[in-house]
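Undergrad: Handing you this structure, nothing more for now.
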Amino acid sequence: MRWLRLAVMVATCATAAAQANDIIDVLHQSAQRRLDGMALAPDGPRAEAVRSSFELLRRAFAADKMVELRVVTGSTVAETLDGRVIVANEALADVPEGVRLFVLAHELGHVQHGHWRQVGDLYKRFVPGEVAPQTTEPVAGPLGRAASAQAHRHEFEADAFALRALRTLGLTSDDAFAAVRHQGMQHDSATHPGTRKRLASLRDAESGVEPDPAGAAPSQAD
């Protein structure tokens, strides 16, 4: 999941300030703009395959959640936005079912863990009042570092959730490892840990070691 970056928030400061929005409003508006910019996939066998896999997961693991799936085209593989909208590319229909289920379960894990709310709580700590350049620029560095550390933790948690989901459905851990490797070898980014770290975390989860929740985001004073 590609959480909204600080650069997006800073870029919208002038508009947000004029509208007297707080940071939660800015995050919501940014997510909505991203959703509005995605093209929905046409109805057909590929979109239906993705929906069918998602519905299997939703019924089994999130029947009590308000969660929406949008099957899209374009460059996005899968992403969770605004806490409850999962977007998934129709191209997921072309990969093995176990890989597709892992990718979708990973996104569902973000919903189940309440990661969007946690992102909002973090941003709110650093920008508690009106969003404006004078309130965002001084905290850009520490907020960026805290948000990146949080995003990496969220990715590990979502991977662990997806692994448990696959095993509950009778699939093997091999599908989880294949899904991560399917994306190619990636290095650390601001929002995602690199492939090697994700595979190592999955091996820990496979052995019953939970993702480390202790990496608390630094405070504003750090």
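The values are calculated or read from the model by the stated rules, or taken from the named source; none is laboratory data. As the structure is a computational prediction, the values presented were derived from the model and not from experiment. Methodologically, a virtual Cβ is constructed for each residue, glycine included, from the backbone with ideal geometry; neighbour enumeration extends over all protein chains shown. Accessible surface areas use protein heavy atoms only, side chains included; no ligands, DNA or RNA. Shrake-Rupley method; radii C 1.70, N 1.55, O 1.52, S 1.80 Å.
Undergrad: Modelling each spin label as a point 7 Å along the Cα-to-Cβ direction, I'd like the residue 35/residue 68 distance in nm, to one decimal.
TA: The two pseudo-label positions are separated by 0.4 nm.
Undergrad: Counting every Cα pair in the stretch 46-137, what percent are over 20 Å apart?
TA: It works out to 42 percent of all Cα pairs.
Undergrad: Could you give me the percent of Cα pairs per 5 Å distance bin for the stretch 113-174, shortest bin first, beginning at zero and ending with the bin that holds the maximum distance?
TA: Here the calculated profile for the stretch 113-174 is 4, 16, 20, 16, 12, 10, 8, 6, 5, 3, 0.
Undergrad: Describe numerically, in nm with one decimal, the distance between label points set 7 Å from Cα along Cα→Cβ at residue 197 and at residue 25.
TA: 3.4
Undergrad: Sort the stretch 44-99 into rounded, prolate or oblate with this rule: let a ≥ b ≥ c be the square roots of the eigenvalues of the Cα gyration tensor; rounded if a/c is under 1.5, and if a/c is not under 1.5, prolate when a/b is larger than b/c, oblate otherwise.
TA: Judged from the Cα gyration tensor, the stretch 44-99 comes out oblate (a/c at least 1.5, b/c at or above a/b).
Undergrad: Enumerate the calculated ³J(HN,Hα) couplings along the stretch 35-51 in order (Karplus 6.51 cos²θ - 1.76 cosθ + 1.60, θ = phi - 60°), each rounded to whole Hz, writing x wherever the residue is Gly or Pro.
TA: 4, 5, x, 9, 8, 5, 6, x, 4, x, x, 5, 4, 5, 5, 5, 4
Undergrad: Convert 25 °C to kelvin, take the viscosity as 0.890 mPa s, use the Kirkwood radius over C-alpha pairs of the stretch 84-187 as Rh, and evaluate the Stokes-Einstein diffusion coefficient in µm²/s, rounded to a whole number.
TA: The calculation lands on 158 µm²/s.
Undergrad: Please give the per residue accessible area of the chain, computed with a probe of 1.4 Å over protein heavy atoms only, in Å². Display every interim value, and only then the final one.
TA: Details: 10550 Å² over 222 residues.
I get 48 Å² per residue for this part.
Undergrad: Note down the accessible area of residue 102, probe 1.4 Å, to the nearest 10 Å².
TA: It works out to around 0 Å².
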